[in-house]
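The values are calculated or read from the model by the stated rules, or taken from the named source; none is laboratory data. Since the model is a prediction, treat every value here as computed from it, not as a measurement. A quick note on method: Cβ atoms are made from the backbone with ideal geometry, for glycine too, and the neighbour counts reach across all protein chains shown. Side chains are part of the model used for accessible areas, which takes the heavy atoms of the whole protein and leaves out ligands, DNA and RNA. Shrake-Rupley method; radii C 1.70, N 1.55, O 1.52, S 1.80 Å.
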Amino acid sequence: MLTTRPRGTSDIIPGEVETWQYLEREVRRICSEYGYAEIRTPVFEHTELFLRGVGDTTDIVEKEMYTFIDRGDRSITLRPEGTASAVRAYLEDKLYAGPQPVKLFYTGPMFRYDRPQAGRFRQFHQFGAEVFGSHDPAVDAEVMAMTMDFYGRLALKGLELHINSVGCPACRPALRSKLREFFLPHIGALCPNCRDRFEKNPLRILDCKEGPCRKLGANAPATVDCLCEDCHSHFESVKKHLDLLDLPYQVNRRLVRGLDYYTHTAFEIMARDIGAQSSIGGGGRYNGLVETCGGPSTPGIGYALGMERIILAMKSQGITTPGISGPDVFVVTAGQAAASEAFRLLFKIRGSGISADKDYLNRSLKAQMKYAGKAGAKFVVIIGEEELAQGVARVRNMDSKEQVTVTSGEVVDYLADKVKYRHNTYLQEDTIK
RNA sequence: GUGGGUAUAGCUCAGUUGGUUAGAGCACCAGAUUGUGGCUCUGGGGGUCGUGGGUUCGAGUCCCAUUACCCACCCCA
């Protein structure tokens, strides 16, 4: 146990972390372009927030929360999702008092006590965004377009945007009773889970994957057939705005998201090639949530994307991301006499903004060269007795094998010049994805 | 919470019907005449065979339990 990480968690080690850093860069870039500001909230909250926010009949709350009592006898829960916290902060930090609408994004770890499998972990990471304060269907479209834009920037292909409207408090009671009416004669044929859902939330029966429930559900009244005037026109307008952007989507009448707070628009993005857990992102409108959490009636909409699943999809599509990058310069010495000079030079190089390193294992010149090559150093600076005596250093370009002699006074400037050039090309490579 | 599969070196895996000091490739380290990397060659370090019990003269190999991981169900990112 001492050397085993907790189940469903993972270490992101050098070689992998560069992919995460790249994704996080892209997240910040797109959010700034779309006008979303970052918010950082605690990874744990009072349990009540999630009970209220996420909904106490959802699977997340019923069986997946990491909840514990702290030393002050408070019930604390590791956040299973980001929206509830964003809503809490919106209220607590009085963001409603600022210019509206309020557009926020976050990235970070979420926690759900699930059995791990492909694409599912107990600690996983989401990038999410929320918009508070606007009813405009154009915002629904913006939010969906933004997710698809993000995937597109990562060069992901073949994703499907599924959308639906799950109604609002005005039309949902009618829908519920219609569904109950429909399923009542067949209640015996439903799976045990759905018999439970029949009472609590018959909407979710539509989402069931069990054969019999699925068959029955195919002919059941769908949410889109029972929408009130308001919901209907909202949904139509959302679709119109998606069309304006030429954004392909499919209306999925069965799409009912697992969180209770959704109203009007619900959407989900599916990837076909990442195993059984094919959803790589989803979201929807939650016009009642802020009020449920004790705030003024405020419309809201948001989404969350699963970082691990994005990485899975990228891998299975053969998309490469920046890897580990070696030092710009590696300082190699020959003989003890050069050691002091090399050590000083190393720090001078670093001081000019160039990444540099040297051997600390007392290795032979050959071994130092070998290491520099494996570490991916772009240049090697060699100092031996001969160079010391002449007041020079050899600078070797590891790619071209070209080696020049530079006076010790000019070494740093010489390297700075070469490396600056490399940095520019590196930045360009970095952007192509 | 339920089901199936797997567990031998840092990694990927061999390991005959149970039989002596458990192997390979890759990786790591060091050398190949005295100061130059990627290729090649030689050598070296590294394994309580997941853990605990059992059967047996003898278990990496058979049996039981346990843990971890993987995959799937439920559900979600």
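A convex hull fitted around the alpha carbon atoms of the range A:329-431 yields 96 Å³ per residue.
Give the angle, between 0 and 90 degrees and rounded to the nearest 10, that separates the Cα long axis of helix A:339-351 from the longest principal axis of the Cα atoms of chain A. Long axis of A:339-351 versus the principal axis of chain A: about 40 degrees. In this structure A:C191 has an accessible area near 20 Å², from a 1.4 Å probe over the protein heavy atoms. With every protein chain in place and a 1.4 angstrom probe, the accessible-area ranking of A:D114, A:D56, A:D140, largest first, reads A:D56, A:D114, A:D140.
Placing one equal scatterer on every Cα of the range A:75-213 and applying the Debye formula, the log10 ratio I(q)/I(0) at q = 0.15 Å⁻¹ is -1.17. Once all protein chains are placed together, A:D93 keeps about 90 Å² accessible to a 1.4 angstrom probe.
Enter the angle in degrees (range 0 to 90, nearest 10) between the Cα long axis of helix A:83-92 and the first principal axis of the Cα atoms of chain A, meaning the one along which they spread out most. Taking the Cα atoms of chain A, the angle to A:83-92 is about 90 degrees. Would you calculate a helix-derived [θ] at 222 nm for chain A, using -39,500 (n - 2.57) for each DSSP H run of n ≥ 4 and dividing by the full residue count, to the nearest 500? Counting only the DSSP helices, I get -12000 deg cm²/dmol. Annotation: A:S278 carries an accessible surface of approximately 20 Å², with a 1.4 Å probe and no ligand, DNA or RNA atoms counted.
Listed by chain and number, the aspartates and glutamates whose alpha-carbon sits under 14 Å from that of A:K374, ignoring those within fewer than 8 places in the same chain, are A:D328, A:D357, A:D359, A:D399.
Accessible surface comparison of A:V251, A:V395, probe 1.4 Å, protein chains only, largest first: the order is A:V251, A:V395. At q = 0.09, 0.11, 0.13 Å⁻¹, what log₁₀ I(q)/I(0) does a Debye calculation on the Cα points of chain A give, no solvent, two decimals? Values returned for q = 0.09, 0.11, 0.13 Å⁻¹ are -0.70, -0.90, -1.12. Beyond 29 Å in Cα-Cα separation lie the following of the pairs A:K63/A:K157; A:K63/A:K94; A:K315/A:K401; A:K157/A:K239; A:K157/A:K401; A:K63/A:K215: A:K63/A:K157; A:K63/A:K94; A:K315/A:K401; A:K157/A:K401.
For chain A, which whole-number percentage of the solvent-accessible area (1.4 Å probe, protein heavy atoms only) is attributable to carbon and sulfur atoms? Numbers along the way, then the final one.
Details: 11200 of 21490 Å².
Roughly 52 percent of what the probe reaches on chain A is carbon or sulfur.
In this structure chain A gives 50 Å² per residue of accessible area when probed at 1.4 Å with all protein chains present. Mean-square fluctuation check for chain A, GNM, Cα pairs under 10 Å: which of A:L361, A:L305, A:L227 is largest? Maximum among the listed residues: A:L361.
Axis angle, to the nearest 10 degrees, between helix A:137-153 and the longest C-alpha principal axis of chain A: 40 degrees. Within the range A:9-100, the trypsin sites (Lys or Arg not before Pro) that combine a DSSP coil assignment with at most 13 other C-beta atoms in a 10 angstrom radius are A:R40, A:R71, A:R74, A:K94.
Under 1.5 on a/c is rounded, so check that first for the range A:1-131, then, if it is not, pick prolate when a/b is larger than b/c and oblate when it is not; a ≥ b ≥ c are the square roots of the alpha carbon gyration tensor eigenvalues. Note, shape of the range A:1-131 comes out oblate. Given springs between every Cα pair under 10 Å in a Gaussian network model of chain A, which of A:T67, A:T405, A:T77 has the largest fluctuation? Between A:T67, A:T405, A:T77, it is A:T405 that shows the largest mean-square fluctuation.
The order of A:D73, A:D225 by accessible area, most exposed first and with a 1.4 Å probe, is A:D73, A:D225.
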